[in-house]
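What follows draws every value from the coordinates through simple rules; no lab data is involved. This is a predicted model, so every value here is computed, not measured. Cβ placement follows ideal geometry from the backbone for every residue including glycine, while neighbour counts extend to all protein chains displayed.
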Amino acid sequence: MTAATTPWGGASPGREAVAEAPASPEEAPAVVVRGLNRRFGRVEALRDIHLELAPNRIHGLVGRNGAGKTTLLSTLVGQVIPSSGSVEVLGGRSLENPAVLSRTVYVRDHQCYPDDMRVHHVLGIARRAYPRWDEGLARRLTEDFRLSPRARTKKLSTGQRTSLGIIVGLASRAELTIFDEPYSGLDPVARGVFYDRLLEDFAEHPRTVIISTHLVDEIADLLNDVILLDDGAVTLHESQERARDRAYRLAGPVHDVERLLERTGSTGRVSRRQSVGSMTMVVVAAPLDAEAEAAARELGLEVEPVSLQEVVAAMGTLSPLGSSPRDTGDAAQEGAQR
Amino acid sequence: MSQAAAEDNRTVTGGAGAGGSRRTGEAPGVAGTGGLPDAGRGRTMLALRYYLTVPSRLYTGPGIVVVVAALSLAVGAVILGSSQAEAADVSNGLTYNQTVVWWGSIAPLAILCSAVGQGTTAMLGLGMTRRNVWWGAILYALVGSALTATALVVLIALERLTHGWFMGLSAIDIIYFGRGSLLSAWLIALGTFFGAQVIALLFTAIYLRAGAMGLTLSIVGTAVLLVVVMGILISAFSRSEQGGVSALLTLGEGLPGGLLPWALGLAVLLSLAGGWLIYRRASFR
């Protein structure tokens, strides 16, 4: 078992994350993961994951391609069998446990259906699978996404197939609802429909929702909590607001910026750097403490918060096993979106 | 609606345990699985419904049997009409024709394997377990095979009633089905169609667990194993008085139906158990 390290120096990021995860004592966590590892041959897809997800919140699972997001989500609902470690969902072991799994729905990216099935076949089965299924919502979403119930699933475009998954996920009202990259092929209007309907329905029927995504900023406002997965390990698990404080942007004359970075020991934490003439802008993947802020003001430097997307990109760029910080351009952000 | 509004609403209605089950008055989530109804059996029936949800799947077996039987009969009629042969001779030749057996097995198994292969992750995503999906598929194979066998037996009955479709041709009541009672024909047909699907499900499970390479290796391995076993058996029996294959066939003389049905039955049972053992430990990324 590999003990993962983080840019923040923690030897066991998962445990650190668990300690910081928001969960009030009277609410049993919806998901509890302990020491989870999963190998596929030589590839270590998940490394020593420790997680506790509070119930009735929307959790965002973010990370770069190949970070292990789909593997982690598939493991939560028992579709992938862990190499070691334990997974508890809604108070019970999820693997082959009908009492637990019947209260979950997992909508995959590019969900595959048998070629001969039609949209109404899929919705009909989902209706029977979930006692709290909302037929009215399913109908409304079908209209919103302009899906024909008679359409064959194999004829659906990528976006329509994604829409079908979203309808199943939302209308099921499952206690644990998991969306894996629910944006594939969706146009901006359809994505807007998804966000609106998710929030509306969540407000009326709270449940635990996990959404994995690359489009961090687009869904940032939906999220209560953020889990950052990098190279199979959890490197961040915090409320969205606190996660944003994990990085900041610093701008000003090159000389002054470098001086400040040296004074605060943050030189090695620069995830992104853009320079024009004598001016430079850097993103520092570290919390801005009062001392650094005061020093920046003293030097007349601009200090700004960054978006959640930039936090994710910054932490991904500074990962021990990730690529090294880039000197120019938008490399970190490109990497996160690739 | 904004996130803040959602938060507010959650504050009002929140406080429920996992998934808000207390809010709706349903059984709360508890540690372990105690206190919760066993949803397993119902979910297996749900998986069966998933397979049955496309009606054309279920009718393919009977449909293909009717079409192939009609084609066989047409071929027999053409031979009878275009040659000097007696109806009895043509009919005798037709009784060795097994196209109805092969097509009645192959078409449904292709549909079932596709439904399982393409539908597994969707069914698991809807909260079913591997056990539900697998045994739902087995139940579906049983239902589909029973329907196909019934269609076949109806055709046999009609053929007998019409004395070979008024031409004296026996295109469906073939030697393979025993030419005995309708019940025995139905059982043989059921066993054949069901067995073929179970064996095919074994290879589907191998594909889902080990991918295309695993499937290829397992098919080649099975073929090699069969050749080796047959070679060893024939070699062992070649020293007997009758020698070789004929001696091997006498091995089943004491068994009803002979050796072959029992060997196939064993293969089906092994496939049933092996398929489940392989499928239950498969991971679906």
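On a per residue basis, the convex hull of the C-alpha atoms belonging to the range B:137-208 measures out at 80 Å³.
Structural descriptor for chain A: relative contact order 19 percent, calculated from alpha carbon pairs under 8 angstrom and at least 6 residues apart. Taking the charge dipole of the range A:111-256 about its Cα centre, with +1 at Lys and Arg Cβ atoms and -1 at Asp and Glu Cβ atoms, the residue from A:S212, A:I125, A:L164 reaching farthest to the positive side is A:I125.
Full extension of the segment from A:Y195 to A:C112, taken as 0.36 nm per residue of separation minus the current Cα-Cα distance, would add 27.6 nm.
Shielding by partners for peptide A:77-90, expressed as the average number of C-beta atoms from other protein chains within 10 Å of each residue's C-beta, is 3.
With each label modelled as a point 7 angstrom along the Cα→C-beta vector, the B:A212-B:E86 pair spans 5.5 nm. Once the gyration tensor of the Cα atoms in chain A is diagonalised, the equivalent ellipsoid follows with semi-axes of 38, 22, 18 Å, ordered largest first. Where a ≥ b ≥ c are the square roots of the eigenvalues of the C-alpha gyration tensor, would you call the range B:38-211 rounded, which needs a/c under 1.5, or, failing that, prolate if a/b is larger than b/c, or oblate? Prolate, since a/c reaches 1.5 and a/b exceeds b/c. Against chain A, whose longest principal axis comes from its Cα atoms, helix A:308-317 is set at around 70 degrees.
A crude spin-label estimate for the pair B:R49 and A:E96, with each label 7 Å from Cα along the Cβ direction, gives 2.5 nm.
Working from Cα positions, state the angle (0 to 90°, nearest 10) between the long axis of helix A:188-204 and the longest principal axis of chain A. Tilt relative to chain A: about 80 degrees. A simple rule links phi to the HN-Hα coupling: the Karplus curve 6.51 cos²θ - 1.76 cosθ + 1.60 with θ = phi - 60°, which for the range A:244-260 gives 4, 7, 6, 8, 8, 10, 10, 9, x, x, 3, 4, 5, 4, 5, 4, 5 Hz, with x for Gly and Pro.
The trypsin sites (Lys or Arg not before Pro) of the range B:113-217 that meet both conditions, a loop assignment by DSSP and at most 15 other Cβ atoms within 10 Å of the site Cβ, are B:R179. Look at the alpha carbon pairs under 8 Å that are at least 6 residues apart: their mean separation over the length of the range B:38-211 gives a relative contact order of 35 percent. When a/c reaches 1.5 or more, the comparison of a/b and b/c decides; with that in mind, is the range B:90-136 rounded, prolate or oblate per its Cα gyration tensor? Prolate shape, in that a/c is at least 1.5 and a/b is the bigger ratio. In this rough spin-label picture, where each label sits 7 Å from Cα along the Cβ direction, the A:R42-A:N65 distance is 2.1 nm. For chain A, what proportion of DSSP beta bridges, expressed in % and rounded to the nearest 5, is antiparallel? Here the antiparallel bridges make up roughly 65 percent for chain A. Taking a sphere under 11 Å around the Cβ of A:W133 and counting the other residues whose Cβ falls inside, with K and R at +1 and D and E at -1, yields a net charge of +2. Taking the Cα centre of chain A as origin and assigning +1 to Lys and Arg Cβ atoms and -1 to Asp and Glu Cβ atoms, the resulting dipole is close to 1560 debye. If every alpha-carbon in the range B:50-149 counts as one equal scatterer, what log10 I(q)/I(0) does Debye give at q = 0.16, 0.23, 0.25 1/Å? Normalising to I(0) and taking log10 leaves -0.72, -1.11, -1.22. With respect to chain A, whose longest principal axis is taken over its alpha-carbon atoms, helix A:119-129 is tilted by about 90°. Full extension of the chain between B:V227 and B:L187 yields a length gain of 11.5 nm, computed as 0.36 nm times the residue separation minus the alpha carbon distance.
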